[in-house]
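Since the structure comes first, as structure tokens, the remarks are kept for the end.
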Amino acid sequence: MQPRETPKSQSAELLNLAAERAIRYVDSASARRVSPSSLDLAALAGLHEPFPAGPSNPADVLNQLEAAGSPATMATTGGRYFGFVNGGMVPAALAASWMAGAWNQNASLRVMSPIAVELEDVVLQWICEALGLPLDCQGGLVTCATMASFTALLAARHALLRKAGWDVTENGMFGAPPIQVVVGAEVHASVLKALSMAGFGRKRVTIVDADSQGRMRADRLPQLSESTIVCIQAGNVNTGAFDPADEICAKAKEQGAWIHVDGAFGLWARVSPKYAHLTRGIENADSWATDAHKWPNAGYDCGVVLLKNGDALRAAFGINAAYLEPGARREPMQHTPESSRRARGVELWATLKSLGRDGLRELVERTCALAQRFAKGLQDAGFEVLNDVVINQVLVSFGSPEVTREVIRRIQEGGTCWCGGTVWQGRTAMRISVSSWATTEADVDRSLDAIVRLAAESRSIASRA
């Protein structure tokens, strides 16, 4: 049975209803608890029903979605979510997302969506300008930094093997000349995942020692060659620390190695004169991966990959078929693993256009200042901050591993704010990531009050046990 055709008037009514519910959700996000309550989570069981035999009224579908879904979300749209370096969504990005949904564009080819591809061209150029990267870089938009690193590493693999006389596109990896991969001891798990998917293996990488903040030690680099990929980090996910790119890139370039930068959030520090020194030398790399859904707050999902050598991208991801007539200009599906995909460049363009260079800089600097406010408040309360707070990441210990884990549990259940746990060089810690444009000093102070109170209670209970 085919779904009944929806009259235009009903479509407009449905869109107005969706807009009304969405506006109400956004307006209330800062006032509600950050995590869902146990009752909200229990209500999700009502979604598990047999697949409907026939069509449902679209308004009823939306009402059910809003009733069950909105209370069960994490309030990342508000200002008190500090988990996983998750950004918010600036107003222009949210509005543009609605427009992109209405357009329903396939951004794989220019002929499929001229506007989607044109906006991608614009934002890739803007990002190079904002981050001080070579203006002739080529790249693409993917789902996340994991896929951005995966894309860059496949292109690097193709380029290095071609230099060694091997065509990996035609011959695959069986019998291919070996490629050495070098990472730091605090490499992010997403890079290891990307390396594994690219066929390099997690156990075959060469691991370089890191210092107490997680920075790769340039003095411990092994002998490199034209068959080496060095993965460096711009913004450690725990401490926010940066590998010394200037020194590493200089050594790697002398020996002909390819340098890839995992800059999921830290790469955006380059927009600020106050923090750009942390990234000195990163412009000398060969490829970069970052997320626009983290610090720029463009909304999910939006990863960015950039390469100096655009030919390597096209060689690795080119696709040919009789019905696909490539144009003279950049075609997204020839630069990334994906073919058909949504037009995520629409939200990214709206984000960068609405912020501009000054707004992006202010966003980075303000969230870093709020992280410092967190660190000072925690230290003043007698708790140990484990990292040098260089950008927007704070690691704090509340004493023993058991007490720290209990504090994290109480914070997450309490709903005032949300912070995640981690283990940093053997120490159990809570991680605070200040990434949202919506976070204010009042949000930080309210969260600090809750954290300090719950930590004091947890310590008191532990001392009596």
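Within segment 162-209, restricting attention to residues that are outside any loop (DSSP other than H, G, I, E, B) and in contact with a Leu (Cβ under 8 Å, 6 or more places away or on another chain), the residue that is farthest from residue 242 (Cα to Cα) is 168.
For segment 171-186, state whether one or more residues are of a type in the set (Asp, Glu) and surrounded by fewer than 22 Cβ atoms within 10 Å (Cβ to Cβ). Checked segment 171-186: no residue is of a type in the set (Asp, Glu) and surrounded by fewer than 22 Cβ atoms within 10 Å (Cβ to Cβ). Against the conditions (1) in contact (Cβ under 8 Å) with a residue 24 or more places away in the chain; (2) within 30 Å of residue 105 (Cβ to Cβ); (3) buried (at least 20 other Cβ atoms within 10 Å of the Cβ), residue 411 satisfies every one except (2). Name the residues in segment 305-325 that are basic (Lys, Arg) and in a helix (DSSP H, G or I), would you? Correct list: 314 only. Somewhere in segment 344-367, is a residue outside any helix (DSSP H, G or I), assigned by TED's automatic domain parsing to the domain that holds residue 284 and in contact with a helix residue (DSSP H, G or I) (Cβ under 9 Å, 6 or more places away or on another chain)? Yes. Summed over segment 221-247, the residues that are touching a helix residue (DSSP H, G or I) at 6+ places or on another chain (Cβ under 7 Å), assigned to a loop (DSSP other than H, G, I, E, B) and farther than 25 Å from residue 384 by Cβ give a count of 5. So which residues in segment 48-82 are assigned to a helix (DSSP H, G or I) and aliphatic (A, V, I, L, M), if there are any at all? Across segment 48-82, the qualifying residues are 59, 61, 62, 65, 67, 68, 72. Within segment 5-25, not a single residue is more than 27 Å from residue 338 (Cβ to Cβ), of a type in the set (Gly, Ala, Ser) and part of a loop (DSSP other than H, G, I, E, B). What residue, among those in segment 83-136 that are in a loop (DSSP other than H, G, I, E, B) and of a type in the set (A, V, I, L, M), is surrounded by the most Cβ atoms within 10 Å (Cβ to Cβ)? So the residue we want is 107. Considering segment 372-384, and only residues there that are assigned to a loop (DSSP other than H, G, I, E, B) and not aromatic (Phe, Trp, Tyr), the residue that is surrounded by the fewest Cβ atoms within 10 Å (Cβ to Cβ) turns out to be 382. Output the number of the condition that residue 179 fails; it satisfies all remaining conditions of (1) among the β-branched types (Val, Ile, Thr); (2) under 29 Å from residue 273 (Cβ atoms); (3) out of contact with any Asp or Glu (no Cβ under 9 Å at 6 or more places or on another chain). The number of the failed condition is (2).
If the condition is being more than 16 Å from residue 84 (Cα to Cα) and either among the aliphatic types (A, V, I, L, M) or part of a loop (DSSP other than H, G, I, E, B) (or both), then segment 286-297 contributes 286, 289. Report yes if some residue within segment 35-57 is touching a Lys or Arg at 6+ places or on another chain (Cβ under 7 Å), loosely packed, with under 14 Cβ neighbours inside 10 Å and not assigned by TED's automatic domain parsing to the domain that holds residue 290; otherwise report no. Among the residues of segment 35-57, at least one is touching a Lys or Arg at 6+ places or on another chain (Cβ under 7 Å), loosely packed, with under 14 Cβ neighbours inside 10 Å and not assigned by TED's automatic domain parsing to the domain that holds residue 290, which makes the answer yes. Evaluated against (1) under 24 Å from residue 359 (Cα atoms); (2) touching a helix residue (DSSP H, G or I) at 6+ places or on another chain (Cβ under 8 Å); (3) small (Gly, Ala, Ser), residue 46 falls short on exactly one condition, (1). Among the residues of segment 423-456, just one is touching a residue at least 12 places away in the same chain (Cβ under 8 Å), assigned to a strand (DSSP E or B) and surrounded by fewer than 16 Cβ atoms within 10 Å (Cβ to Cβ), namely 427. The set of residues from segment 396-431 being of a type in the set (Lys, Arg) and in contact with a helix residue (DSSP H, G or I) (Cβ under 7 Å, 6 or more places away or on another chain) comprises just one member, 410. Yes or no: segment 403-416 includes at least one residue that is assigned to a loop (DSSP other than H, G, I, E, B), within 17 Å of residue 80 (Cβ to Cβ) and not assigned by TED's automatic domain parsing to the domain that holds residue 293. Within segment 403-416 (the criterion being assigned to a loop (DSSP other than H, G, I, E, B), within 17 Å of residue 80 (Cβ to Cβ) and not assigned by TED's automatic domain parsing to the domain that holds residue 293), the answer is yes, since at least one residue qualifies. Being assigned to a loop (DSSP other than H, G, I, E, B) and either charged (D, E, K, R) or in contact with a strand residue (DSSP E or B) (Cβ under 7 Å, 6 or more places away or on another chain) (or both) is a property that does not hold for residue 253.
Taken as a whole, the structure places residue 369 among residues that are surrounded by fewer than 21 Cβ atoms within 10 Å (Cβ to Cβ), free of Cβ contacts under 8 Å to residues at least 12 places away in the same chain and among the small types (Gly, Ala, Ser). Count of segment 76-91 residues, restricted to those that are hydrophobic (A, V, I, L, M, F, W, C) and either more than 10 Å from residue 299 (Cα to Cα) or at pLDDT below 95 (or both), is 3.
Just for segment 387-398: of the residues that are buried (at least 18 other Cβ atoms within 10 Å of the Cβ) and in contact (Cβ under 8 Å) with a residue 60 or more places away in the chain, which one is farthest from residue 236 (Cα to Cα)?
398
The values are calculated or read from the model by the stated rules, or taken from the named source; none is laboratory data. Quick caveat: nothing in here was measured; it's all calculated off a predicted structure. FYI the Cβ positions are ideal-geometry reconstructions off the backbone, even for glycines, and counts take in every protein chain you see.
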